[in-house]
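Before any comments, here is the structure.
The values are calculated or read from the model by the stated rules, or taken from the named source; none is laboratory data. The shown structure was predicted, so the numbers you read here are calculated from the model rather than taken from an experiment. Ideal geometry is used to build each Cβ from the backbone, glycine not excepted, and the neighbour counts take in all protein chains shown.
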Amino acid sequence: MGGVKLIKLLLLLWLFLNYHKTEMFPQKISQKAIVKNITETEIMVEICSEEACSACRAKATCSMGNDGVRTAVVPNHSFPLTIGQEVNVSIKRTAGMKAVLTAYAVPIVLIVVSLLVLQATGINELNSGLITLGVVALYYIVLRLFRRKVEHGIAVELETES
């Protein structure tokens, strides 16, 4: 019976990893935004998500659904833009998956693995939980320290409306 469960798990994992490669999902995730500020090195855009969030059931729990407006800073590659101009902000779907894995999946794996290892070594539950929280906090601190390197792997692109 254990072999059947393993095969099902592997099949689900394969489907999850190949889900984004189908034709019904675009290769880029994009949203409309308005240019708010332009410097020599950066462009600040305001992403408006009201039209996407109005019909969403998860609006109350989503960070985008709270006020409908988010600010993003994108590197300036000498785009001929003006303040107030409408643009599309986009990232590759693989970069989005990388961001989700970095922010959510790795910490969950760290929590589960550290709890299992600490419990197996005989450390009591309170100390195991506190050490696990420390491990996750350390992960986020290291992630924060290397944020510039992580940001290069998640390239945000600007496209002007034609």
### Residue ranges of helices (runs of 4 or more DSSP H) in region 71-162 with at least 1 members of a type in the set (S, T, N, Q)
93-100, 106-120, 125-145
### Message
Filter region 80-99 down to the residues that are more than 18 Å from the chain's Cα centre (by Cα) and farther than 18 Å from Ile47 by Cα and list them by number.
### Response
Pro80
### Task
Could you tell me whether Gly2 is modelled with pLDDT under 70 and surrounded by 15 or more Cβ atoms within 10 Å (Cβ to Cβ)?
no
### Message
Please verify whether Glu157 is of a type in the set (Asp, Glu), surrounded by 15 or more Cβ atoms within 10 Å (Cβ to Cβ) and touching a residue at least 40 places away in the same chain (Cβ under 8 Å), treating the condition exactly as stated.
### Response
yes
## Note on the structure
Reported set for region 94-139 where residues are in contact (Cβ under 8 Å) with a residue 12 or more places away in the chain, under 30 Å from Ala155 (Cα atoms) and hydroxyl-bearing (Ser, Thr, Tyr) is Thr94, Thr102, Tyr139
